[in-house]
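S.K.: Would you mind keeping the following structure in view while I ask a few things?
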Amino acid sequence: MKELGRRHFTAALAGSLAWPLLAQARDTALPIPASLPKVAAQAAVRGEPLVLLVSLTGCPYCELVRRNYLLPARKEAGLQAWQLNVTDFSTPLTGFDGKVTSAAAQTKAWKATFTPTVLFLGPQGQTLAEPLVGAAIPDFYGAYLDERLVLARRAVVALR
């Protein structure tokens, strides 16, 4: 009986700690692209990869990646970061093949359904760096993100 009480307490504590993140999720959302080729071309003109956060509404780890890494880089350095929600079946999204799809269908086609996943794509939708999956080690997340951005930026320059 004590074990069950501790589990409930732990779950309630974890939920109460995550709630402020979830309450602010709407304020920290990255923009959602209408056309992947369009935003990828805009990124390439700047010498940047298209950075896509595969996200899930209510995911505290997605919020951590957005708030602490991608939004500041977007605002301060002009990083071309956008987000796709794995459960969004209704918002139209033009894929790299020119066909209209949804974020949910596109992330499933990419096999990028674990959240958060950060993708680094070129102007034709090609992968420029290994996807950054999860946020299990927050102390090193920034370094992992920076490393992949360096590789992706080099690849964009090489494509020119």
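S.K.: Against the condition surrounded by 13 or more Cβ atoms within 10 Å (Cβ to Cβ) and more than 18 Å from W82 (Cα to Cα), how does L145 come out, does it pass?
M.R.: No, not satisfied.
S.K.: If I ask for residues that are buried (at least 19 other Cβ atoms within 10 Å of the Cβ), touching a residue at least 60 places away in the same chain (Cβ under 8 Å) and more than 19 Å from L145 (Cβ to Cβ), which ones from the range 61-118 would you list?
M.R.: L93, A103, Q106
S.K.: Could I ask something else about it? Checking T113 against (1) assigned to a strand (DSSP E or B); (2) in contact with a helix residue (DSSP H, G or I) (Cβ under 7 Å, 6 or more places away or on another chain), which test does it fail?
M.R.: In the conditions (1) assigned to a strand (DSSP E or B); (2) in contact with a helix residue (DSSP H, G or I) (Cβ under 7 Å, 6 or more places away or on another chain), T113 misses (1) alone.
S.K.: What's the total number of residues in the range 148-159 that are out of contact with any Pro (no Cβ under 6 Å at 6 or more places or on another chain), surrounded by 15 or more Cβ atoms within 10 Å (Cβ to Cβ) and touching a residue at least 60 places away in the same chain (Cβ under 8 Å)?
M.R.: 3
S.K.: Okay, moving on. Would you please list the contacts, defined by Cβ atoms under 6 Å and residues six or more apart or on different chains, that run from a residue in the range 127-146 that is part of a strand (DSSP E or B) to a residue that is of a type in the set (D, E) and loosely packed, with under 12 Cβ neighbours inside 10 Å?
M.R.: Final answer for the pair search is none.
S.K.: For the range 73-90, what are the residues that are at pLDDT 95 or above and farther than 18 Å from L121 by Cα?
M.R.: Result: T87, D88, F89, S90.
S.K.: For P138, state whether it is within 18 Å of L64 (Cα to Cα) and either surrounded by fewer than 20 Cβ atoms within 10 Å (Cβ to Cβ) or of a type in the set (F, W, Y) (or both).
M.R.: So P138 fits the description; yes.
The values are calculated or read from the model by the stated rules, or taken from the named source; none is laboratory data. This is a predicted model, so every value here is computed, not measured. As a convention, Cβ positions derive from the backbone with ideal geometry for all residues, glycine included, and neighbour counts pool all protein chains shown.
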